[in-house]
Amino acid sequence: AVARHWENGDWVETPAMSVKVPFHFEEVGEKNMYLMYHEEIESLKTHLPEIKRIRFWMTFGDQYIMHLNVLQNVGMTRIDPVIYEGKEIIPLQFLKAVLPEPSSLGETTKGKTNIGVIATGLGKEGKEKTLYLYNICDHEEAYAETGNQAVSYTTGVPAMIGAAMMVTGQWKGDGVFNMEQFDPDPFMDMLNMQGLPWQWKELDGSLGF
């Protein structure tokens with residue numbers, strides 16, 4: 001998909017996977033991260049309009065990108081039906097059927113995830129600061145606890161905490177809300193107690209990209 005990010009009150013589009021930047025992730029090491037679109041940008045720019053630029057990045061290994069390019073080049077990622085031996089099939093659905101079920105890979109997944117936010121803005125004293133807030137999750141530890149690897153763990157635990165915020169009345173209101181509209185402190189506190197502890201550090205300056 002085309003990459004879209006929010007900058008100075010408007011959307012900026014770039015070709016898919018065309019912006020690649022190396023970045024050193026704590027406890028993971030240097031990885032290539034790609035500028036992408038993500039739906040959370042929509043709500044952040046709406047509910048926090050003072051933010052001048054919002055970008056979403058995700059890392060992919062070179063081997064993953066190579067395989068994806070090959071599959072796309074030979075037509076295996078198509079979602080329109082093709083006729084094979086007189087029957088109609090959708091290549092992407094066929095590909096899903098022959099690849100391993102993702103949940104079966106949890107036991108063999110190694111390494112860690114690093115999910116974070118880097119924010120540049122003015123501190124209380126009026127000086128510009130850049131803060132890096134992040135969480136580290138270990139695939140093997142997550143699997144030992146839940147039978148799921150860290151990607152599932154880092155998806156499920158925040159959703160559970162969001163539900164707990166509503167059940168306990170710490171987040172409430174009539175209608176539909178996004179989480180940035182609520183007090184973040186109880187949510188962040190509960191992350192530390194439910195297996196996703198976070199930490200932060202100040203960087204030397206704003207990102208150079």
*Residue among N32, N8 that alone is over 22 Å from W198 (Cβ atoms) and loosely packed, with under 14 Cβ neighbours inside 10 Å*: N8
*Quickly run through segment 181-193 and pick out the residues that are open to solvent by less than 70 Å² (accessible area, probe 1.4 Å) and touching a residue at least 24 places away in the same chain (Cβ under 8 Å).*
F187, M190, L191
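Yes/no per residue for (1) closer than 30 Å to T120 by Cβ; (2) touching a Cys at 6+ places or on another chain (Cβ under 6 Å); (3) of a type in the set (G, A, S); (4) in contact (Cβ under 8 Å) with a residue 60 or more places away in the chain:
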residue	(1), (2), (3), (4)
A3	yes, no, yes, no
P22	yes, no, no, no
E26	yes, no, no, yes
H47	yes, no, no, yes
E50	yes, no, no, no
G61	yes, no, yes, no
N69	no, no, no, no
I83	no, no, no, no
*β-branched (V, I, T) and free of Cβ contacts under 8 Å to residues at least 60 places away in the same chain, is that true of I118?*
no
*Count of residues meeting criterion [exposed (fewer than 11 other Cβ atoms within 10 Å of the Cβ) and under 18 Å from the mean Cα position of the chain (by Cα)] in segment 90-104*: 0
*Which of the residues spanning segment 105-131 are closer than 18 Å to L203 by Cβ, open to solvent by 50 Å² or more (accessible area, probe 1.4 Å) and in a strand (DSSP E or B)?*
I115, V117, I118, A119, T120, L122, E128, K129, L131
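Listed here are the residues, each with its yes/no results for (1) under 29 Å from L35 (Cα atoms); (2) within 19 Å of the chain's Cα centre (by Cα).
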{"position": "N135", "(1), (2)": "yes, yes"}
{"position": "T146", "(1), (2)": "no, no"}
{"position": "V151", "(1), (2)": "yes, yes"}
{"position": "A164", "(1), (2)": "no, no"}
{"position": "D174", "(1), (2)": "no, no"}
{"position": "L191", "(1), (2)": "yes, yes"}
{"position": "E202", "(1), (2)": "yes, no"}
*Matching residues, segment 167-180, being open to solvent by 70 Å² or more (accessible area, probe 1.4 Å) and either modelled with pLDDT of 95 or more or not in a helix (DSSP H, G or I) (or both)*: V167, T168, Q170, K172, D174, V176, F177
*Residue count, segment 50-89 (criterion: touching a Leu at 6+ places or on another chain (Cβ under 8 Å) and open to solvent by 80 Å² or more (accessible area, probe 1.4 Å))*: 2
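The values are calculated or read from the model by the stated rules, or taken from the named source; none is laboratory data. Computed from a predicted model, the values in this text were never measured in an experiment. Quick reminder, even Gly has a Cβ in these numbers, built from the backbone with ideal geometry, and neighbours come from all protein chains shown. All accessible areas refer to the heavy atoms of the entire protein, side chains included, with ligands and DNA or RNA removed. Shrake-Rupley method; radii C 1.70, N 1.55, O 1.52, S 1.80 Å.
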